[in-house]
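Novice: My structure is below; once you've seen it, I'll send some questions.
Each value in this text was obtained by applying a stated rule to the coordinates, not by laboratory testing. As the structure is a prediction and not an experimental result, all values here were calculated from the model. Positions of Cβ are backbone-derived with ideal geometry, glycine not excepted, and every protein chain shown enters the neighbour counts.
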Amino acid sequence: MRPHESISGRYENDEGKRTFVRELFNRGAPHYDRIGRVGFFGTGQFHRRRALEQAGLRPGMDVLDVACGTGAVTRAAVEILGGRGRVCGVDPSEGMLAEARKIAGAEFHVGHAEALPFPDQSFDFLSMGYALRHVADLNRAFAEYRRVLRPGGRLLILEISRPRTWLGLVCARFYFRDLLPGLSWLLTGSSDARLMMSYYWETIDACVPPDAILAAIAGTGFQHVERHVELGIFSAYTGRTPERA
Ligand SMILES: C[S@@+](CC[C@H](N)C(=O)[O-])C[C@H]1O[C@@H](n2cnc3c(N)ncnc32)[C@H](O)[C@@H]1O
């Protein structure tokens, strides 16, 4: 299942999407953290760390952060583990990884969610922050997550969801569609940064609904699959692999 249909005017097909998204993040990488800090009022790092802790990340676990980007979730995982356990980040964008590699205490790899470059049952915890919309196929990505997690492993997917209420949608459109791309351009002077943030909302708006995401996670064999929502837009999807393989 695709997370959204083709975004008109951006690319024609799945291959075009993969190239477009990789180039988008390669060029936007130097600006990503700054936009994140200003655009989310400095709350992003706290939010990611709290979500990891609530989903059960503890020292001693081996963690894989898929779509690690510049390493915002990875950094929070390194802090929680405090040197006890392995932290890996994986992302297809070399530009984003160049930023992430400044983080001490984690290893980084080039790769896609749909074909993770790790053996079966390598990790206790798998996270993915704000990147679900970019994969080609949700079922393929979730099957990979199940494969690389050990029995009893934990999954956490953070994502921004399209608000369900009329007022929520008006506010989200105003902020993410009308304000944030321009603000990003003013902040960085970069049209690549503006495009990155325009595409951000386009994919949130077009994304399949949360129920379809929950069904796809459960459909690949995860148990205790749940979604927690804050402010009507910040979703945390969680699940666990069965205790016995
Ligand atoms: C919005 S950034 C999120 C970065 C980080 N996880 C965070 O919480 O800020 C989205 C990331 O997804 C990555 N990405 C795009 N397509 C992907 C795919 N098929 N598999 C894994 N990561 C992908 C991009 O390169 C980019 O670094």
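Novice: Within segment 87-180, which helices (runs of 4 or more DSSP H) (wholly inside it) include 1 or more residues that are closer than 26 Å to GLY16 by Cα and touching a residue at least 12 places away in the same chain (Cβ under 8 Å)?
Specialist: In segment 87-180, 94-100, 138-148 are the helices (runs of 4 or more DSSP H) which contain 1 or more residues that are closer than 26 Å to GLY16 by Cα and touching a residue at least 12 places away in the same chain (Cβ under 8 Å).
Novice: If ARG58 satisfies all but one of (1) within 26 Å of HIS224 (Cβ to Cβ); (2) in a loop (DSSP other than H, G, I, E, B); (3) within 10 Å of the ligand (Cβ to nearest atom), what's the number of the condition it fails?
Specialist: That leaves (3) as the condition not met.
Novice: Which number in (1) surrounded by 17 or more Cβ atoms within 10 Å (Cβ to Cβ); (2) within 23 Å of HIS47 (Cα to Cα) marks the one condition that GLU107 misses?
Specialist: (1)
Novice: What residue, of ALA218, ALA236, is under 26 Å from ALA143 (Cβ atoms), in a helix (DSSP H, G or I) and in contact with a strand residue (DSSP E or B) (Cβ under 7 Å, 6 or more places away or on another chain)? It would help to see each step written out before you state the result.
Specialist: Values: ALA236 fails: in a helix (DSSP H, G or I).
On inspection, the qualifying residue turns out to be ALA218.
Novice: While we're looking at this one, here's another question. Being within 9 Å of the ligand (Cβ to nearest atom) and out of contact with any helix residue (DSSP H, G or I) (no Cβ under 9 Å at 6 or more places or on another chain) is the filter here; which residues of segment 130-144 pass it?
Specialist: ALA131
Novice: Continuing with the same structure: Please go through segment 31-43 and pick out each residue that is more than 18 Å from VAL90 (Cα to Cα), outside any loop (DSSP other than H, G, I, E, B) and either in contact (Cβ under 8 Å) with a residue 60 or more places away in the chain or among the polar types (S, T, N, Q) (or both).
Specialist: Matches in segment 31-43: HIS31, ARG34, ILE35, VAL38, GLY39.
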